[in-house]
Ligand code: AMP
Ligand code: MG
């Protein structure tokens, strides 16, 4: 842990809550409250990410030391650390929820690593804070395994995300009513240390905007200077440029979610990172059959507000709320509207480019490709298909004019389909699509090898399938951490063939279809 240099800009630049006692309250006129993590009974290391450790210049010896366990369970603090929780608000499920804040996150400060990059450190589940309301500020092992594995899996997939350094069990029990059905039960507690250049959310701006214009301005200026250092110094023009950039970052993040089949599950404005990072891994899920209407979050089962196919529109809605919050600094509607309109155009363009890459085309033929993709999605809608397996296997299909046969291609794709038998209508749809796809590919100047390389770099072989995460959790709860570590390793190379790991690239087995934790999750964590 030597050489970790802290440079805690957030607490140095921004106003602190004047109360230092730790009890739930409304905090006004301040961006954060000082708070110490709770002492945990007997923490022990479940897993750590060596790639994330490198970001902090930590060695294997550091990470495997008892001191590391004590520090990242919150029991000990390093020199230079500052422990605090921040205040923010947010729209939850479309409604303004008032103050939320870091209810179970305690920041440890910011590090500047040897390369000069800034990383903020945050413990999730380290005990109550002034923002915990009636809850305990703790996290259970099951949700912590999910956050830890998914953060790192997303990073290796190339999706913008917060990172996870460590996963520790605390040796304490935490009571949770997992399904909110009146059956609370004790579960093992855990703490994750996560990393990000900044943990600032849309909800921070919203909450300060509601209080006073000066606090909002101070926070926006701080964000621009610290998190967007390439922008000119704060001015009205810079605020506009900054908002345009936030729109672009958010758009690109959602396109990436759509590429890999990720459903965030709770896209409330407090869960939207200002840097366009995927943040707050709660009741998220990975598509099993491709389904635009699917959400893993049982809290959202009626309205499907945060379903897979809604994510772009919801991100756009969230950006509207951010625009409303920062409007007083700009005092003009038009530039904000322009940026919001640009989001929609950018999304359509980027989504199409992303989908054509998944299909292996070196460039976009807008009208034809839109049509081709529409046809494919209609088929997915008609016949349950695992998109990860489908696209990955598609890159092995030979499309050469002289040898291509749709029936053979269909055989190759068979493992992607959920039903064993395909009805005539679906078979006709996919066969026609394959014919059309082969013709389109034959016009593309890319060679067969180039096509396969392009496809295999955007279509992962391994994703954190819901049931795999659950199997790893079941074992971890019995004290066996092997599958957590196995998944961490396999998912660190999601685009590589790993012949001895084929069992981790299988569609959801039937037993997992209605199993809690697999494709049905609540916010309870
Ligand atoms: P989420 O939907 O998980 O992003 O959480 C929404 C809000 O509830 C945030 O302010 C969280 O900090 C807070 N929260 C969630 N779980 C807990 C908990 N166990 N203890 C305290 N606050 C929590
Ligand atoms: Mg949250």
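Rundown of residues vs (1) modelled with pLDDT of 95 or more; (2) in the same structural domain as residue 152 (by TED's automatic domain parsing); (3) out of contact with any helix residue (DSSP H, G or I) (no Cβ under 8 Å at 6 or more places or on another chain), yes/no style:
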| residue | (1), (2), (3) |
| --- | --- |
| 165 | yes, yes, no |
| 177 | no, yes, yes |
| 208 | yes, no, no |
| 219 | yes, no, no |
Original post:
Can you pull out the residues in segment 143-158 that are in contact with a strand residue (DSSP E or B) (Cβ under 7 Å, 6 or more places away or on another chain) and more than 19 Å from residue 54 (Cβ to Cβ)?
Top reply: 144, 145, 147
Original post:
Which condition number in (1) in contact (Cβ under 8 Å) with a residue 12 or more places away in the chain; (2) away from ligand 2 (no atom under 16 Å from the Cβ); (3) surrounded by fewer than 21 Cβ atoms within 10 Å (Cβ to Cβ) is the one that residue 115 fails?
Top reply: (1)
**OP:** Could you please let me know if residue 324 is within 15 Å of ligand 2 (Cβ to nearest atom) and at pLDDT 95 or above?
**Re:** no
**OP:** Check segment 421-428 and report whether any residue there is in contact (Cβ under 8 Å) with a residue 60 or more places away in the chain and not assigned by TED's automatic domain parsing to the domain that holds residue 290.
**Re:** no
Subject >> Test set (1) surrounded by fewer than 22 Cβ atoms within 10 Å (Cβ to Cβ); (2) over 13 Å from the mean Cα position of the chain (by Cα) - residue 319 fails condition number >> reply: (1)
**OP:** Please state which one of 178, 272 is within 24 Å of residue 335 (Cα to Cα) and within 16 Å of ligand 1 (Cβ to nearest atom).
**Re:** 272
Original post:
Which one of 525, 492 is at pLDDT below 95 and either within 25 Å of residue 104 (Cα to Cα) or touching a helix residue (DSSP H, G or I) at 6+ places or on another chain (Cβ under 8 Å) (or both)?
Top reply: 525
Subject >> Residue under evaluation residue 121, criteria (1) under 28 Å from residue 12 (Cα atoms); (2) within 9 Å of ligand 1 (Cβ to nearest atom), criterion not met >> reply: (2)
**OP:** Report, by residue number, each residue of segment 143-175 that is in a helix (DSSP H, G or I) and more than 13 Å from ligand 1 (Cβ to nearest atom).
**Re:** 145, 148, 149, 150, 151, 152, 153, 154, 155, 156, 157
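Yes/no per residue for (1) assigned to a helix (DSSP H, G or I); (2) within 16 Å of ligand 1 (Cβ to nearest atom):
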| site | (1), (2) |
| --- | --- |
| 427 | yes, no |
| 435 | yes, no |
| 438 | yes, no |
| 463 | no, no |
| 480 | no, no |
| 487 | yes, no |
| 497 | no, no |
| 507 | no, no |
| 524 | no, yes |
Original post:
Of the residues 363, 441, 426, which single one is exposed (fewer than 15 other Cβ atoms within 10 Å of the Cβ) and at pLDDT 95 or above?
Top reply: 363
**OP:** Name every residue in segment 264-296 that is within 16 Å of ligand 2 (Cβ to nearest atom) and assigned to a strand (DSSP E or B), in order of residue number.
**Re:** 273, 278
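The values are calculated or read from the model by the stated rules, or taken from the named source; none is laboratory data. It should be emphasised that the depicted structure is a prediction, and the values quoted were computed from it without experimental measurement. With ideal geometry, Cβ positions are generated from the backbone for all residues, glycine too; neighbour counts draw on all protein chains shown.
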